[in-house]
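Q: There's a structure below that I have some questions on.
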Amino acid sequence: MPCKFRLLLQNAEQLVVVCQKEEEFLLKDGMQHVTVLEKASLVVGNDGFIKALGPTNDIHNQFCHEEFETVIDCTGKCVLPGFVDAHTHPVWAGDRVHEFAMKLAGASYMDIHQAGGGINFTVEHTEAATEEELFISFKQRLERMLRAGTTLVECKSGYGLKLETELKMLRVIAQAQKKLDIGISCTYCGAHSVPKGRTAEQAADDIIENHLPALAQLAIKGKIQVDNIDVFCEKGVFDLESTRRILLAGKAIGLQLNFHGDELNPMTAAELGAELGAQAVSHLEEISDAGITALATAKCSAVLLPTTAYILRLKQPRARDMLNAGVIVSLGSDFNPNAYCCSMPMVMHLACVNLNMSLNEALAAATINAAYSLGRSHTHGSLEVGKQGDVVIINAPRWEHVIYQFGGHQELIQFVCVKGKLVYMNEKILAL
């Protein structure tokens, strides 16, 4: 007979709950008071959901006669919610390391794009790759993210552009959803670039008339599960009107709107997202004051990507202005061939140093708010009874070390659990 309870984490130095009143998200004031329990324990049931948490003595008295599949002594350690990466492009073939040298020499993102590099380079290699080749590399990337504490990740298509290649990418994501432990929110991003020989309007027509109906049929048959629709709304890519048309067509088949906007040029994309009821808009380096106000009013999350601004030497997103205005600020790694970062601890560090966010704000943005940006904050992003038992256990007496130790998560994260199942154990730490 299986155990009734899957996991007991006992006697943690700090149990970082984040929030405990079933909040969907935290705004600036709430982010200042991230909830932390001292000397606490946590119980996950056999169904993968949290059953109890609180002072170690109370949990011991309540569950002392129960059996657990896994018990971890967290003395001197901290327990945090699994991190949520709100924006990634992890399914692709080809290697763009050569473009890094071009960027260092002064080439801009659009310089490389217009010369046939960037997205177009990756599209060619992704089209040529087999489904199995794509899955193998995708799996390896997700496993790296998991080892860095990410337990829920948004994964986009978008290096296909043609329907058959986009569907190949979505099948790869669907395969990972079934086979891997990490949680995945799937995003269709066929409007990532305008295919060669087409205008933005023609590409939008193809997506609306052919791609989205095909996605809807495959979803009905259970072949794929797509949660969000994304468009790269940018000068020289998809203009505002094409973006609007594609997003509305995606919304009509039940997809959440979660798209790129105001990255390289001011496009009033934030205002469009607010108008259309988008769940989130990403990047926003060039957002306007009106766009900030619109996002706050619409409760549309701003997904900030400090890695991209860092690598492309862009203007930093206006995190402080957004927080002060009441915007729901989230974080993502923007993992892709152009910004190769698998680590949310490093993203949080960059958010603190470059975006002037506090430690508490960065943690909330990478947990409860990032979960909100994916429509998942009712199950992810905090340690509360009834939520999924996704946890990160670090070998340090204070939780802030996970952000403070820049690039040090490999020697800091000791365990990662998804639904109460131990999915990563750091042998190096255990050997000490």
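Q: Name all residues of the range 173-196 having a backbone nitrogen under 16 Å from the label point set 7 Å from the Cα of residue 225 along its Cα→Cβ direction, giving them as ranges.
A: 173-188
Q: What angle do you read, to the nearest 10 degrees and between 0 and 90, between the alpha-carbon axis of helix 344-354 and the longest principal axis of the chain?
A: 70 degrees
Q: Please sort by residue number the GluC sites (Glu not before Pro) in the range 33-86 whose DSSP state is loop and whose Cβ has at most 14 other Cβ atoms within 10 Å.
A: 66, 67
Q: I would also like to ask the following. Multiply the residue separation of residue 3 and residue 202 by 0.36 nm, subtract the distance between their alpha-carbon atoms, and state the gained length in nm to one decimal.
A: So the extension gain works out to 65.9 nm.
Q: Compute the whole-percent fraction of alpha carbon pairs in the range 69-161 spaced more than 20 Å apart.
A: 53 percent
Q: Can you give the Rg and Dmax of the range 91-249 based on its C-alpha atoms, in angstrom?
A: 15.9, 49
Q: OK, next. What are the trypsin sites (Lys or Arg not before Pro) within the range 372-432 that DSSP puts in a loop, where the Cβ has at most 14 other Cβ atoms within 10 Å?
A: Sparse-neighbourhood loop trypsin sites (Lys or Arg not before Pro): 398.
Q: Counting helices only, and only those DSSP H runs with n ≥ 4, report the 222 nm mean residue ellipticity of the chain as the sum of -39,500 (n - 2.57) divided by its residues, in deg cm²/dmol to the nearest 500.
A: Counting only the DSSP helices, I get -10500 deg cm²/dmol.
Q: Right, next: Would you kindly calculate the translational diffusion coefficient of the range 258-397, applying Stokes-Einstein with the Kirkwood radius from alpha carbon pairs, for 25 °C and a viscosity of 0.890 mPa s, and quote it in µm² s⁻¹ without decimals?
A: 162 µm²/s
Q: Given a cut-off of 16 Å, what percent of all Cα-Cα pairs of the range 243-324 lie beyond it?
A: Summing the P(r) tail past 16 Å for the range 243-324 gives 46 percent.
Q: Give the accessible surface of the chain per residue, rounded to a whole number of Å², with probe radius 1.4 Å and ligands, DNA and RNA excluded.
A: Spelled out: the 1.4 Å probe surface of the chain, per residue, equals 38 Å².
Q: At q = 0.13, 0.15, 0.19 Å⁻¹, what log₁₀ I(q)/I(0) does the range 182-262 have when each alpha carbon counts as one equal point scatterer in the Debye sum?
A: Results for the range 182-262 at q = 0.13, 0.15, 0.19 Å⁻¹ read -0.37, -0.49, -0.76.
Q: May I ask for the angle, rounded to the nearest 10°, between helix 131-147 and the longest principal axis of the chain, with both axes built from Cα atoms and the value confined to 0 to 90°?
A: Relative to the chain, helix 131-147 is tipped by roughly 40 degrees.
Q: How far is it, in nm, from the label point at residue 143 to the one at residue 35 when both lie 7 Å from their Cα along the line to the Cβ?
A: Each label point is offset 7 Å from its Cα along the Cβ direction, giving 3.6 nm.
Q: Tell me the volume per residue, in Å³, of the convex hull enclosing the alpha carbons of the chain.
A: 136 Å³
Q: Taking the Cβ-Cβ separation of residue 320 and residue 398 as r and a Förster radius of 25 Å, what is the calculated FRET efficiency to the nearest 0.05?
A: Efficiency computed from Cβ-Cβ geometry: 0.50.
Q: In nm, give the distance between the simple-model label positions of residue 385 and residue 240, each being 7 Å from the Cα along the Cα-to-Cβ direction.
A: Label at residue 385, label at residue 240, 4.9 nm between them.
Q: Sticking with this one: Please work out how much length the chain gains when fully extended from residue 216 to residue 162, using 0.36 nm per residue of separation minus the C-alpha to C-alpha distance, in nm with one decimal.
A: 17.8 nm
Q: Would you mind getting me the FRET efficiency between residue 104 and residue 65? Use the beta-carbon distance for r and R0 = 51 Å, nearest 0.05.
A: Calculated transfer efficiency: 0.25.
Q: Still on this structure, I have one more. Report the trypsin sites (Lys or Arg not before Pro) located in the range 279-324 that are in a DSSP loop and have at most 13 other Cβ atoms inside 10 Å of their Cβ, or state none.
A: Sites meeting the loop and neighbour criteria: 313, 315.
Q: In addition: Could you identify which residue out of 401, 65, 87 has the top mean-square fluctuation in a GNM of the chain using Cα springs shorter than 10 Å?
A: Looking only at 401, 65, 87, the largest GNM fluctuation is found for 65.
Q: Right, another one. Looking only at Cα atoms, what is the convex hull volume of the range 26-125 per residue, in Å³?
A: Each residue corresponds to 231 Å³ of Cα convex hull volume.
Q: In addition: Considering only the range 7-118, what is the antiparallel percent among its DSSP beta bridges, to the nearest 5?
A: Of all bridge pairs located within the range 7-118, approximately 70 percent are antiparallel.
Q: With only alpha-carbon atoms in the gyration tensor, what are the semi-axes of the equivalent ellipsoid for the range 12-83, in Å, largest first?
A: 24, 14, 11
Q: Probe radius 1.4 Å, ligands and nucleic acids ignored: give me the carbon and sulfur share of the accessible area of the range 253-376 as a rounded percent.
A: Using a 1.4 Å probe with all protein chains present, the range 253-376 comes out at 51 percent carbon and sulfur.
Q: Now for a different question. With everything on Cα atoms, drop me the angle between helix 240-252 and the longest principal axis of the chain, reported from 0 to 90° to the nearest 10.
A: The two axes meet at around 50 degrees.
The values are calculated or read from the model by the stated rules, or taken from the named source; none is laboratory data. As the structure is a computational prediction, the values presented were derived from the model and not from experiment. We place every Cβ from the backbone using ideal geometry, glycine too, and count neighbours over all the protein chains shown. Remember, those area values only see protein heavy atoms, side chains included, never the ligands or the DNA or RNA. Shrake-Rupley method; radii C 1.70, N 1.55, O 1.52, S 1.80 Å.
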